Each structure stands twice: as C-alpha cells, then as structure tokens.
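Here the structure comes first, spelled out in structure tokens, and everything after it is commentary.
The values are calculated or read from the model by the stated rules, or taken from the named source; none is laboratory data. In this text the structure is predicted, and so the values were computed from the model without any measurement. Heads up, the Cβs are rebuilt from the backbone with ideal geometry, glycines too, and the neighbour counts pull from every protein chain shown. Quick note on the areas: whole protein, heavy atoms, side chains included, nothing else; ligands and nucleic acids left out. Shrake-Rupley method; radii C 1.70, N 1.55, O 1.52, S 1.80 Å.
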Amino acid sequence: GEAAAGTAEVRLSRRRWAVLLLFSGYSLCNAFQWIQYSSINNVFMGFYGVSAFAIDWLSMSYMLAYIPLLFPVAWLLDRKGLRLIALVGSALNALGAWVKLGSLKPHLFPVTVLGQVICSLAQVFILGMPSHIASVWFGSHEVSTACSIAVFGNQLGIAVGFLVPPVLVPNVENVEKLAYHISIMFFITAGVATALFILVVIVFKEKPLHPPSRAQALIQSRQTEEYSYVRSILRLLRNANFLLLMVTYGLNTGCFYALSTLLNRMVIHHYPGEEVNAGRIGLTIILSGMVGALISGIWLDRTKTYKWTTLVVYIMSLVGMIAYTFTLNLGHLWVVFVTAGVLGFFMTGYLPLGFEFAAELTYPESEGTSSGLLNVSAQIFGIAFTIGQGQIMDRFGTMAGNIFLCSFLFLGTVMTAFIKADLRRQRANLDNEQTVSKPRFNPGCAPATSSGRY
C-alpha cells in the first residue's frame, strides 16, 4: 500500500469546488429546516396550540435521530461511498420539506413532526461529511479551508433560519393568514431542496480520478478486506486524545445547540415583541461564526497549530458566553448584538476546528467515523443542555440558564488543555513526500522524483 501510494500521481480536480459548494447547499437547506421552528417559537406555539417544550422538540429531534443512526450511516459511507450518502441525504431533505406542506392546519401538528423527523434523518447523512469531503477531494494545503467552507454551508443555513422565518411568517392572530404565510416558507424550502437533490444526481461524484494528497493516496491504496469498521471504532475509543476532544467538542457544540434552540425565548423574555430582532441576533451569531470558521480554516492550513488554535478559540468562546450572559438583560439591544457577535465568532468558529483536529489525531481512520463520533457527543450534550437550560430558565430565569452553559464551557476549556497534538495526518503527508522525493540510484538515469502536483 505504501509503495502504491508513493508512486500514485497526486493531482487536484477542478470538480472539487462544485462538489464542495453543492454539499454546502443542501447542508444549508437542512440546517434551515432545523431552526425554522425555534426562530419563531412563539408563532408556531400559537398556530398549533402546543407548548414551548413541544416546539423545542422539533429542534431536538435532529439531535435525537443522530445518536442511534450514526454507526449505520458511517458503515454505509465506508462500504458504499460518498455519492450514495449525498443522494440519500439530499433526497430525505427534500422529502421532509414536502411532507411539511401537509401540516398547514392547526390540528396537523403530528404531520409537521413527521416532516421534521424525516429532515432529521437527512441530517445524519450530512453532519459528519465536511472533513471526509475535504480529505477525499482537496490537497493537504487546502483541506482545512475546504472543511471550513463545508461547515460554512451548515452555519449559513442556520443564519437564514434565524433571518427568514420572522420575515415570512409575521405574528398575526388570524389563523388563515398565518397558515398562508407558513405555506410560502414551506413551498420555497421544498422547491430549493428538490432543485439541490437534482443537482446532486447530476454533479456529485464519488471521488476524483487522482488522489489529491499523499495521505489520501495511502488510504486509497489499502486493500478493502484489510479494513474493519468495528476495529476502527474500537481504535478510536482507545485513543485518549480523541476521547478528550470528543467530550470537549460535545460540550462546546451542545452549548451552541441549546443557545440556538432557546434564543427566541430568551430574547422575547427581555424584549417583548422583538421577534424579528431575535432572529437578527441569531443571524449575527451565525454570520460572525462563519467568518471565524473561515479564518480558522485558513489559519490551520498555514500554521498547522491545531492544539493551540483550538484552545484559544475555546477560551474565547467561554469569554463570549460570559459577556452575553451578563448583557442580555441590560435593556440595550445593540449591546446584545455586539456580545452575541463575539460569542458566535468563536463558538461557531470552533466547529471546523474540531473536525480537522479529530482527522489529525485519528489518521488513517475514516474521517466520517471520527467526525460522526464528535457529532454524537454534540447531540447528547445538546439534548441535555437544551432540556436543562430550558427548565432552569422557566424556574430561575435566563441568566441562571446561561450561567449553566458557562460552567460547562469552562470544563471544556480545562479538558482541551490536556489534549496532545499528535498530528498523524501531517506526519503521513510529510513522510510520503520525503519518501517519493528521495533520490534513488538508477544506472544511467537521472534520480527519480515524485510526479505529484499540487
């Protein structure tokens, strides 16, 4: 395998950007459907006549579905490949959007639950893919940036989910008018999701003709029968550094999920009637986080300082959460926008860092498996934090609920400091490049060199 990897031609495919942007597109659409209910929580409560907790579960269904389905989907990814995963994920996303169109009456809340559950199944085929797509399609000097862009799409979907629903679905008392506004949002979503699925069928390919990096060439040169999915998981669970990262990633991302789900309730509590601004605050969190994610990816590609970058971003996430906690109730919305932006820049910017750090710590294991385990941790903590913070907010107020999240971010910061920077993927790229570029004596010939191109 190593000999084959050393002689394989390394070349970047032009199609890689189309694949990446298409993935980001249907990931965006799926993320939008995750948060579209929570961003106007009070409107859907009134329309369907259900409790706030019931609407929260429409968001938490995404988290709940991911936990039992990760391993079957990760196995399917390793056995059947990336294209099948893309087709199933985009198809389920479109199907869920169309099912929701059958829930435009107040007594049809179970139908909208069904549509959301189908979308949550689609998310299992989407959430763990960024690092895998980046590794399969992109070179070693752009892989972190590509992963950031892939995560960028999901975060942009959440941003649109905060911005668009309050605009398309105003808080009106007339049920028929409200149903009309909701139908517009559902029709647009279904149309976009269907168009993206058709593009996936036409454009999305399994992998490029040539491996984009030496590390990927080495993975592709392994014999299929040598790979055991179960043994791969067991190796990951014996990797102490990865286990630490899995817990710390879960704590940070779980806090983000809880904050996103409950944001509308928090803002409306302190600023009644400000549904649109609540959505804009959520938008600010996500947009600043997208900038943070992109900067993080570019920084990692240039410096490879995974451990220290991750630690600094985690510390700043804690600082941002503390600032947001103690400014939310001051009565000045502009201050909340500023602190929410700082929080989002670091907390959301952390997401691609976790994926890429895991890929480094666990190479040559499948990125789909390592990122999937990170996401399982995030979903478990996300459900626990959403329920816990919601209950604390109901009994003791929003500040107590946010302090609850701050305490877990502090714990995650301390644990991150103990992760060792065992950058296996970087070593594999360096070792293979040195091996194939080392002069070999050939009588009567010039020294042989690598034929790879970046």
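Descriptive notes on the structure:
- Yes/no for Ala195 being open to solvent by 40 Å² or more (accessible area, probe 1.4 Å), under 30 Å from Met129 (Cβ atoms) and part of a helix (DSSP H, G or I): yes
- Of the residues in the range 61-82, not one is within 28 Å of Phe385 (Cβ to Cβ), in contact with a Lys or Arg (Cβ under 6 Å, 6 or more places away or on another chain) and in the same structural domain as Phe187 (by the TED database).
- Residue count, the range 146-177 (criterion: touching a helix residue (DSSP H, G or I) at 6+ places or on another chain (Cβ under 8 Å), without any contact (Cβ under 8 Å) to a residue 40 or more places away in the chain and in a helix (DSSP H, G or I)): 1
- Test: residue in the range 92-114 that is buried (at least 16 other Cβ atoms within 10 Å of the Cβ), at pLDDT 90 or above, of a type in the set (S, T, N, Q) and in a loop (DSSP other than H, G, I, E, B): yes
- Some residue of the range 57-68 being farther than 22 Å from Gly191 by Cβ, surrounded by 17 or more Cβ atoms within 10 Å (Cβ to Cβ) and in contact with a Leu (Cβ under 8 Å, 6 or more places away or on another chain): yes
- Any hit, the range 125-136, residues being surrounded by fewer than 22 Cβ atoms within 10 Å (Cβ to Cβ) and out of contact with any strand residue (DSSP E or B) (no Cβ under 8 Å at 6 or more places or on another chain): no
- Ser377 being farther than 27 Å from Leu330 by Cβ and surrounded by fewer than 24 Cβ atoms within 10 Å (Cβ to Cβ): yes
- Of all residues in the range 297-326, exactly one satisfies the criterion of being modelled with pLDDT of 80 or more, among the polar types (S, T, N, Q) and surrounded by fewer than 18 Cβ atoms within 10 Å (Cβ to Cβ), namely Thr305.
- Residues within the range 24-33 that are closer than 15 Å to Leu283 by Cβ and of a type in the set (Phe, Trp, Tyr), tallied: 1
- Residue among Gly368, Gly372 that is at pLDDT below 85, outside the structural domain of Trp34 (by the TED database), in a helix (DSSP H, G or I) and in contact with a Phe, Trp or Tyr (Cβ under 8 Å, 6 or more places away or on another chain): Gly372
- Residue check, Val164 hydrophobic (A, V, I, L, M, F, W, C) and modelled with pLDDT of 90 or more: no
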